[in-house]
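The values are calculated or read from the model by the stated rules, or taken from the named source; none is laboratory data. Since we're looking at a predicted model, the values are computed, not measured. All Cβ positions, even for glycine, are placed from backbone atoms using ideal geometry, and neighbour counts span all protein chains on display. For the accessible areas, the whole protein counts, side chains as well, though only heavy atoms, and no ligand, DNA or RNA atoms are used. Shrake-Rupley method; radii C 1.70, N 1.55, O 1.52, S 1.80 Å.
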Amino acid sequence: MAPPVTERGLKSVVWQKIRTSVFDDCKKEGEWKIMLLDEFTTKLLASCCKMTDLLAEGITVVENVYKNREPVRQMKALYFITPTSKSVDCFLRDFSSKSENKYKAAYLYFTDFCPDSLFNKIKASCSKSIRRCKEINISFIPLESQVYTLDVPDAFYYCYSPDPNNANEKDAIMEVMAEQIVTVCATLDENPGVRYKSKPLDNANKLAQLVENKLENYYKLDEKSQIKGKTHSQLLIIDRGFDPVSTVLHELTFQAMAYDLLPIENDTYKILSQLDREIPKLMKEISSTKKATEGKTSLSALAQLMKKMPHFRKQITKQVVHLNLAEDCMNKFKPNIEKLCKTEQVCTESETPGYQHSWDIVLPKSQQARPQRKDRTAEETFQLSRWTPFIKDIMEDAIDNRLESREWPYCSQCPAVWNGSGAVR
């Protein structure tokens, strides 16, 4: 199911916005529709809702807009796609002529801004078949309650490619990422102040300027035709070269270990065989307990127990899943990876005798100049997780308004509330 309405995580916020901007916008009592998605919007919806949620919104079936489909001319279609030439061409193919239309009518929703060239193409080809055409400004995928991805797999290559022939591709990807980041801000209803790390490369500076310009254009006028000012939040843009050490260390939280050590595909780990063994064993224990107390339990007590059984079974299943995950992680971790993690932690401590230049074999000299660290000697740490990523220092300093403006320049005027009062988020 989709996240509960009371949940305030990013997944819930995205789903509620999609419901309001898409489904509520075209819903009619008793009317069912076919939904067409492209690759990106399929990932987007899969991240924040289930098929049962779409059924509740009047969707009978979900189709891939890229594939050939049989016409269903008695039904209307809801297209939720990205504003790209490929997706728009597939939409136009479905409405090439009135006699060959695949659906009765179309409700067209784009994830973000549709270029004028594509919009004019749609207008000239099949405007009479379109009942709605809107941009909803969600061009990112929420992975967790506070984590999202822009899903731009080529970004790393083009942003760091030394080949000067890739400069145009880099600029194009920067533009796309800036537009996507603006949709994150729009979804959260934030107009943040944008800051960036000035060194070692200019990628952060370039992206920050693009984001600030696009935020200014997006929030130029609100519903009352007034300029929307900056909110209390800050957006920090950091180049990956700022902290290369954290990227090569093993993260030892439960979630990170599971994804790192176990064959998890599409957020699924097959442990049915373990469950098949464990649940019958637990049920036998419950049965033996029942026999031991036979004759001592009242009918009302048994009735109450039966009512609770589905809940107990669900809880037992969850516990068995996590126990099996933890056990499988440790079976992979103990033989060799534990020793590797100990070595990694020692290498991060430049003051340790004999290890002062341990990272020379891993990182270029140009990326080893790191900023002054916070003193965390009083904090409790685990022996295998003593390293603290630099981003934690930065976030804490940003909240306390202690970031040095020369190292972290602003792209815009700062609101008065950024005064160290704790109002920054």
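Looking at segment 241-265 only, could you name the residues that are touching a residue at least 24 places away in the same chain (Cβ under 8 Å) and assigned to a helix (DSSP H, G or I)?
Scanning segment 241-265 gives Gly241, Phe242, Pro244, Val245, Ser246, Val248, Phe254, Met257, Ala258, Leu261.
When the residues of segment 61-75 are narrowed to those that are farther than 26 Å from Leu10 by Cα and among the charged types (D, E, K, R), which ends up surrounded by the most Cβ atoms within 10 Å (Cβ to Cβ)?
This residue is Arg69.
Would you say Glu63 is over 18 Å from the mean Cα position of the chain (by Cα) and assigned to a strand (DSSP E or B)?
Yes.
I'd like the residue in segment 204-253 that is at pLDDT below 90 and among the basic types (Lys, Arg) and, out of all such residues, is farthest from Ala155 (Cα to Cα).
Lys224
Would you mind finding the one in Ser366, Ser350 that is polar (S, T, N, Q), open to solvent by 70 Å² or more (accessible area, probe 1.4 Å) and modelled with pLDDT under 75?
Ser366
Just wondering, is there one or more residues in segment 140-150 that are of a type in the set (Asp, Glu) and assigned to a strand (DSSP E or B)?
yes
How many residues does segment 44-60 contain that are surrounded by 14 or more Cβ atoms within 10 Å (Cβ to Cβ) and on the phi < 0 side of the Ramachandran plot?
11
From the set of residues in segment 6-43 that are assigned to a helix (DSSP H, G or I) and among the small types (Gly, Ala, Ser), which is least open to solvent (accessible area, probe 1.4 Å)?
Per the stated criteria, the residue is Ser12.
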